[in-house]
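What follows is a short report on a single structure.
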Amino acid sequence: MNDSMTLGIHRVWKDILVHKMNPSPGTLLLDVAGGTGDIAFRFINYVRSVRERQLQRKLRHHQNLSWQEIAESYQEDKSKSLGDSQVVVCDINKEMLKVGKQRAQHLGYTEGLSWVLGNAEELPFDDDKFDVYTIAFGIRNVTRIDLALQEAYRVLKPGGRFLCLEFSHVSNPLLSSLYDLYSFQVIPVLGEVIAGDWKSYQYLVESIRRFPPQEELKAMIEDAGFLKVDYQNLNSGIVAIHSGFKL
Amino acid sequence: CVSHSEPRARDGHGEEEEEEEEEEGCYQLYPGHIPTSPLQKALLAAGSAVMALYDPYRHDMVAVLGETTGCLALPNLRDKMKHHPEGYRILQERPRIRLSTLDMTRLRGLPDGTLGREYVRFLEDNKVSPDTRMPPKFVDDEELAYVIQRYREVHDMMHTLLGMPTNMLGEVVVKWFEAVQTGLPMCVLGAAFGPIHLSARKLQVLATELVPWAIRSGLNASCILNVYYEQRWEQSVESLREEIGIFPPPAIRV
C-alpha cells in the first residue's frame, strides 16, 4: 500500500533519513514505531558499507603483511561486520514486530537487531542509553506527542540525536491543492481497491492534516529539551525530517 | 464534508478500522454509506474493474463496480419494481434474505423440487451463505441502495432457478442472464470478461449452449426483482421458472 500511495517514494524518504543520520559503526540506534523494520534494515546496510570501507582502508595500509596474516585478519573482522552497531526496534504492535522479524529472516539480517514491544509514551528502557532515536511515520499516531518527545530525550545519551520522519505541511498553495486533491480523491480509492478499506485510508489522510506543521513540531521538540532543532522539507513539505540533539 | 474527530492513538501504522458511530460526513444516507465525489466514483469504477478482473475472488470489487456504474440501471430497475404489484410490495416491505430471517429447518423439510428445498440444497452444496453479501457503500440514494442489495440477495435464487453452481462457469452463465435482465454494467462486464479465466473446453460449452439459453431466458423472463421469493418457498422450481419465463436449463454438467 505504501508503494502504491507514494509511488515508491517512501523508500527514498527513508533512505534520506538514514543518510542524514550518517551512522558510524558502533552506533546504538533506537527505532520507535518501526515495527516492520524499514529503518532498521537501512541502518544495518549503511553501517555495514561504512565498516567495509573502513576495513578496505585498513588493508591498504597493511600491504606489507604476508598473505597468511591478511587471511587471518579476515576471520577477525568477519565477526565484526557491523562493528558493534546495534538497532533496537520498538513498536506498540506485536503484529508489526512479527512482520519485521519475518522480513529480517527473509532478507538475511541475522545480527545487530533486537525487537522490543513498547509504547512511545512510556519506553521500557533506562535513561541515557541510545546514540540515536528515530521515529519514522509513527509520531503522528501517538496520542501525547509531548510525552513521546520527553521519553525520546530521556533514553538518549548526552550528545545523542533525535530524528523524526513524518508527513508535514505543504506551504506552496498550488502544490498544496494538488496534494489535497490527490490525498482526498485518490488515496481512499486506493485503500478500497487494494486493501478493501476506505475508512482507514480516509482517516490516514485526515490525520496528516491534523498533525502539527513544521514550526510547531520544532517548538514541541525544543520544549522536550532538545537543542539545535531543525527540519528539512522533502518534496516541498509533504514530508519533513526534524532533528534535535540532547546536549 | 469531512468529519473532524479528536486524534486518537493508533496501533502500528494508524490503519485500523474506525468505530461505526463515526460518520463519514454530513451526507450519510444509510448505515455504511460513504459519500463520494464524481471523480472518486470514476476512480473507484476503474480501479474495481481492473482489480475484479485481476483477482476474481475479490467479490468486494465486483460489488463496488456494480455500485459505481449502476447510476442508470438502478433507477430503471427501481421503476420496474414500482410499477409491478409484487415489486411494489417488496420496495415497501424491504425484505432481506439472511440466515437470521430464514427458517432453515423448515426449508430443509420441504419436498424436493420446491424453491425452499432447492435453495437450501444450493447453499449447502456450494458451501455459501446469504450473509456474505456486501452491503452497499457508494450508492447515493437510499432506495437504490436497497434495490442493489435486493439484487445481490436474489443472486442466489438465480443460481437455484437457473440450476447453475458457483464455479467460474456457473457464475458467468448467471452473469449473462443478469446482464440481460438488469442492464447493470457490472453484469455486462462480468459476462464479457468473466470467460477470460475459463478453459477452451468450457468456453465452447459456454458459447454454444449455455449463453444462448441464458440470453433467451433473460429476454423472455419478467423482471426477477419483482418476485417475492420469501413467500414462494413451497412453490416448485419448475412452476416458478414457467411463471417467470425462464427456459429449462440445458442438460449439461457445469
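Throughout, read-outs are computed from the coordinates displayed, never taken from laboratory work. This structure is a prediction, so every number in the text was calculated from the model and none was measured. FYI the Cβ positions are ideal-geometry reconstructions off the backbone, even for glycines, and counts take in every protein chain you see.
Judged by the gyration tensor of its Cα atoms, with axes a ≥ b ≥ c, the range B:153-207 is oblate; a/c meets the 1.5 cut and b/c is at least as large as a/b.
Note that the range B:157-254 carries a Kirkwood radius of 13.6 Å, evaluated over its alpha carbons pair by pair.
The relative contact order of chain B, computed from alpha carbon pairs under 8 Å that lie at least 6 residues apart in sequence, is 22 percent.
Cα-Cα over 31 Å: which of A:94/A:157; A:101/B:41; A:94/A:129; A:199/A:246; B:82/B:137; A:98/B:137?
Details: A:94/A:157 27 Å; A:101/B:41 39 Å; A:94/A:129 23 Å; A:199/A:246 39 Å; B:82/B:137 23 Å; A:98/B:137 33 Å.
As for pairs spanning more than 31 Å Cα to Cα, those are A:101/B:41; A:199/A:246; A:98/B:137.
Once C-alpha pairs closer than 8 Å and six or more residues apart are averaged by separation and normalised to the residue number of the range B:176-232, the relative contact order reads 49 percent.
Sorted fewest first by neighbouring Cβ atoms within 10 angstrom, A:183, A:66, A:176 come out as A:66, A:176, A:183. Note on the range A:1-62: along the principal axes its Cα atoms extend 50, 23, 17 Å, ordered by decreasing extent. Compared with the dominant Cα axis of chain B, that is its longest principal axis, helix B:38-54 is turned about 50°. Tell me, how many Å apart are the Cα centres for the range B:87-143 and for the range B:156-194? Going from one Cα centre to the other spans 17 Å. What number results when the radius of gyration of the protein assembly as shown, computed over Cα atoms, is divided by 2.2 N^0.38 Å? My calculation over the Cα atoms of the protein assembly as shown gives 1.30. With neighbour counts taken as other beta-carbon atoms within 10 Å, the residues A:14, A:20, B:175 rank, fewest first, as A:20, A:14, B:175. Close amide H partners of residue A:239, meaning residues 5 or more places away or on another chain with modelled amide H under 5 Å apart, are A:168, A:234.
Building the convex hull from the alpha-carbon atoms of the range B:38-244 and averaging its projection over directions returns 11.2 nm².
Using the Cα atoms of the range B:46-119 to build a convex hull, what is its mean projected area in square nanometres?
Mean shadow area of the hull around the Cα atoms is 7.4 nm².
Taking packing as the residue-averaged number of other Cβ atoms within 10 angstrom, the listed peptides A:154-161, A:53-60 run from highest to lowest as A:154-161, A:53-60. Both radii were evaluated on the Cα set of the range A:121-209; the Rg over Rh quotient, with Rh as the Kirkwood radius, amounts to 1.12. Between the range B:226-254 and the range A:108-155, the C-alpha centres lie 64 angstrom from each other.
Listed by chain and number, the lysines whose C-alpha is less than 22 Å from the C-alpha of residue B:80, apart from same-chain residues fewer than 8 away, are B:175.
By the equivalent-ellipsoid construction on the alpha carbon gyration tensor, chain A comes out with semi-axes of 35, 21, 18 Å, ordered largest to smallest.
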